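Notes follow the structure.
The values are calculated or read from the model by the stated rules, or taken from the named source; none is laboratory data. Nothing here was measured: the structure is a model prediction, and the numbers come from that model. We place every Cβ from the backbone using ideal geometry, glycine too, and count neighbours over all the protein chains shown. Accessible surface areas use protein heavy atoms only, side chains included; no ligands, DNA or RNA. Shrake-Rupley method; radii C 1.70, N 1.55, O 1.52, S 1.80 Å.
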Amino acid sequence: MNRRRTIIAVAAAVLAVILIGAFVARPRAGTISARLQTIAYGTFQTRLPETGTLQRPRPATLSALVAGNLDHFAVAPGQHVATGTVVAVIANPQIANAAETAHATYVAAAARSETAGENNAVLPLQNRSAVVQAEAALEQARFNLNQARQDVLSGAQSGLGYGGTSSGEQRAVADAQVANAQTQARESERIYTANQDLFANKAISRDGLEQSKAKYEQDQINLKQAVRQRDETYASLGRQAPVLADRVRAAEDAVRQAQAALASARATAAQSKNGDVVATQADAQARKSDWLYAAGQAARLQLRAPFAGVVQTLANQTGDISRPLQPGDGVTAGQALVTMAGEGKYLVRTRVDEQDIAAVAVGQRAEIGGEDLAGAKLPGHVIAINAIAQKSDDPSNTSRQVITTVQLDRSLPYLRDGMTVDVDIITREAPHAIVVGNDAIRRDARDHPFVYVVRAGRTVQTPVTLGAANEAQTVVKSGLGPGDVVVNDRNAAIGAGVAVAP
């Protein structure tokens with residue numbers, strides 16, 4: 001019983017305290033409840049929110065320097081490589097054998113030159129006609145080389161029945177046929193759709209509708225045929241390219257051989273009792289030039305990283321992006337094999353609308369975040385602003401945009417190329433300013449700004465001088481000081497001299 005009476009007494013006391021507190025805290029008659037703000041120095045910022053894409057610095061595409069077949073990739077995506085690291089190897093027995101043969105030929109020619117110098121042997125003089133024949137052979141080789149290079153430019157090998165038009169003209173004709181078929185298909189589709197509505201409203205006969213439908217279906221077939229013919233044309237031209245490139249290389253070899261033969265013939269024709277020494281030395285020098293060129297071509301079979309960085313992607317089969325390039329697949333000179341990027345700090349490429357770009361400057365701070373960063377906020381700064389405004393990728397956006405580059409000052413282990421992030425570019429910042437909420441700013445009949453300062457529980461109209469503003473806050477240059485309490489409320493019932501409570 002005593003415990004029960006004690007519990008009842010405690011409960012009654014608590015209830016009494018609650019009632020007394022509620023009575024004391026209730027607004028007095030005529031007092032308006034409002035949001036109040038106590039003034040203190042703070043940081044004011046104006047932010048330009050954008051979205052962007054993460055990217056490693058210094059992206060590069062490494063292309064094959066010679067034609068052949070892929071032997072193997074020596075790296076994998078995501079792997080860090082040093083400058084000069086072999087990233088891919090191309091197999092071309094013809095180039096490899098040519099380098100070995102040229103080296104053996106040079107070694108033999110150098111040995112003959114050394115022996116001739118020691119023995120001072122004299123060989124029979126060569127007839128002048130040998131020089132004339134060598135000059136004629138060189139001119140013919142040069143003509144063949146120029147013709148082969150011209151064939152590469154035109155995409156058609158002369159004399160082999162490839163036609164009178166260049167590859168560029170053939171591609172242009174194929175593309176024009178596809179474009180024309182697309183235009184006809186769109187027009188017939190528009191007419192057929194319109195006739196469906198007319199037929200539904202009994203404005204045309206079924207025969208008219210069926211005719212437009214037949215025209216639409218025929219144009220779709222024509223479009224597919226045009227696309228197929230274009231693809232066949234591109235494929236055929238692609239098959240010609242290696243043939244033309246090989247012909248150029250063969251013509252270049254022939255020119256070098258003719259030059260060497262001419263040098264040898266001239267040396268032989270001009271030799272005296274030491275003619276063998278002169279000739280063999282000239283031949284050795286020519287063979288050395290051949291070897292150095294062949295060795296250079298063989299070195300190009302290994303594709304190396306031009307700088308330290310990270311491997312991003314390996315090539316896919318031409319025409320089939322779902323199939324990675326495999327050992328044994330054909331590779332043409334200039335074909336992209338590996339993409340990589342530098343080791344530096346991540347970059348963010350963002351597009352700023354042309355009406356906002358005036359507020360952006362190189363060096364401004366930025367804050368990078370987004371869903372992909374799991375709530376993390378990374379600091380950065382603007383390092384580049386494109387000199388050209390480009391058309392927006394969004395068809396509904398008619399304004400143009402300027403690509404702006406932000407560099408991250410700090411990274412995270414899980415950052416990857418291509419990730420979408422949010423970017424806030426801080427276009428204005430005041431680290432020691434008095435700011436009020438925009439709801440606190442009011443204007444008098446002469447459009448002069450003022451705020452209501454609360455003194456002794458009542459509002460006092462106080463004029464202020466305003467500075468910069470953003471969507472939520474405004475800088476007050478004068479009129480307020482730290483510790484002032486202002487009404488941050490749009491309530492129209494609040495005026496000067498009104499009693500307010502928080």
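Here are a few things to note about the model shown:
- To the nearest ten degrees, helix 206-269 and the longest principal axis of the Cα atoms of the chain are 50 degrees apart.
- Proximal lysines to residue 224, defined as alpha-carbon separation beneath 24 angstrom and excluding residues fewer than eight positions away on the same chain: 213, 215
- Heavy atoms of residue 187 accessible to a 1.4 Å probe, total area in Å² rounded to 10: 80 Å²
- C-alpha long axis of helix 2-25 to longest principal axis of the chain, angle in °: 80 degrees
- Bridging of residue 345 to lysines at a Cα separation below 29 Å is possible for 377, 391, once same-chain residues fewer than 8 apart are set aside.
- Helical content alone sets the calculated 222 nm signal of the chain at -14500 deg cm²/dmol, taking -39,500 (n - 2.57) per DSSP H segment of four or more residues and averaging over every residue.
- Simple rule: put +1 on each Lys or Arg Cβ and -1 on each Asp or Glu Cβ in the chain, find the dipole, and look at 460, 204, 64; the Cα lying farthest toward the positive end is 460.
- Those lysines that a straight Cα-Cα span of less than 29 Å connects to residue 288, excepting residues fewer than 8 apart in one chain: 273
- Difference of contour (0.36 nm per residue) and Cα-Cα distance, residue 355 to residue 485: 43.1 nm
- Simple spin-label estimate for residue 365 and residue 499 in nanometres, 7 Å along Cα-Cβ: 4.5 nm
- Cα centroid separation - segment 410-429 against segment 67-85, whole Å: 30 Å
- Heavy-atom accessible area per residue - the chain, 1.4 Å, Å²: 58 Å²
- Rounded FRET efficiency, nearest 0.05, which uses the C-beta distance separating residue 289 from residue 71 and R0 of 30 Å: 0.60
- Between helix 93-119 and the chain: long-axis angle, C-alpha atoms, 0 to 90°, nearest 10: 50 degrees
- For the chain, with all protein chains in place and a probe radius of 1.4 Å, 54% of the accessible heavy-atom surface sits on carbon or sulfur.
- Taking the three principal axes of the alpha carbon atoms in the chain, the coordinate ranges are 135, 84, 69 Å, sorted in descending order.
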